[in-house]
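Scroll down for the structure; my scribbles are underneath it.
Read-outs: derived from the displayed coordinates by stated rules, not from any lab. Values in this document were obtained by computation on a predicted structure and should not be read as measured data. All Cβ positions, even for glycine, are placed from backbone atoms using ideal geometry, and neighbour counts span all protein chains on display.
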Amino acid sequence: TDRYIISSGILVFNVFGLFGNLNVIYAHYRLPVLRTRYGILLTLLCTSQSICLLTELINAIYSLSKIPVIRSSCFLIISLGIFMHCAQTGLMASISVDLFISIVFPLRHRVARTLPYLLLLCLPTLLYAFVVILIAILHMDSTRIHLCNPPYALPPIANQFWYFVALCFGGLTIVTYIISFSTIACKKKSRSVRDSKRSSSGIERKAMKSLSVLLVVFIVTRFLGTVMANVMNLAGVDKETVGMAQSYNVFSAMVCYSSSFYVCFFRSAEYRRIFWYQITKVASRLGRSHKGKEVFLSSQDSRWTSLDSHHRQLLRSTRRLAREGRGIPQGLLCITYRRRSTHSSLDYSLQYQL
């Protein structure tokens, strides 16, 4: 019964989680304006969480097929997933620390070069993941296990280290977020620090909207599960009970793995507009019965004269909104046209190409 319950949950969360994470990754790939430090960290987080979701599918396959599972074989198959599991825990802390630095030390955050800064910020995460894998290799055995998932695949000593460091990263995430939130609240009340408001109350406060919910999801799912696992280990609960509790903890973990897209969609108007454009564009392509062609036009283009007055006015209005910063990114407008029978018909859509 446990096998079927866990496997069914894994399949459902993979559908919704991968759909959301791939949307986030594609949006940051498609739009250079989103490739800020926060955007890069969020992309890395969604990438690692997607691999974690796919790794859980291996657990579902083993569970449904009832194939005997040996720890060493299971670890070999899902070692990348274990590495990414450690990475996503550390990246959540890195995002919170990045926000903390941008608010408390805005000038240093602004002048720091992006690549060295992100490498230094993610270095503890990489060390954590490599050390967990190394400890597991050194203490690996051929014990038969019930499920092929990270808690069972890791030897007991590696499992305890894995959960302890995850607890430390979770505490760091919460502490830095609380400091960041308190600093923003103090600067918002202080009317005398106008320069600080200009530097930290823009993108940081927008990021705080999404990060606030992401942190709540993280606390309710991963952090409380990590606390529970550490308490059970310290209390000396038998390994079978601890392992089964950790296996059911996969549901809370997959909520965390799948939440980034949905939090950004409902909490950020900018991300919601971008995601909705991507989804509708794919849906329109799937449902398109006639092949179309996309061309980029400007008012200097000779093909501009082929548009009727309605389409010209639409493009002018959209450019004006973009220049005024009303939520439409500046860029080129995409005119999609299709030839129907003997007449040319024009349809229009907005292309976020910055």
- Query: Can you give the charge dipole size of the range 1-142 about its Cα centre, rounded to the nearest 20 debye, using +1 on the beta carbon of Lys and Arg and -1 on the beta carbon of Asp and Glu?
  - Reply: 460 debye
- Message: At a 10 angstrom cut-off on C-beta neighbours, averaged per residue, how do the peptides 82-95, 11-24, 265-278 rank from highest to lowest?
- Response: 82-95, 11-24, 265-278
- Message: If I model a spin label at Ser73 and Ile5 as a point 7 Å from the Cα along the Cα→Cβ vector, what separation in nanometres do I get?
- Response: 2.7 nm
- Task: State, to one decimal in nm, how far the label point of Ala283 lies from the label point of Arg144, with both points 7 Å from Cα in the Cβ direction.
- Result: 5.0 nm
- Query: Taking the Cβ-Cβ separation of Ile61 and Phe19 as r and a Förster radius of 25 Å, what is the calculated FRET efficiency to the nearest 0.05?
  - Reply: 0.75
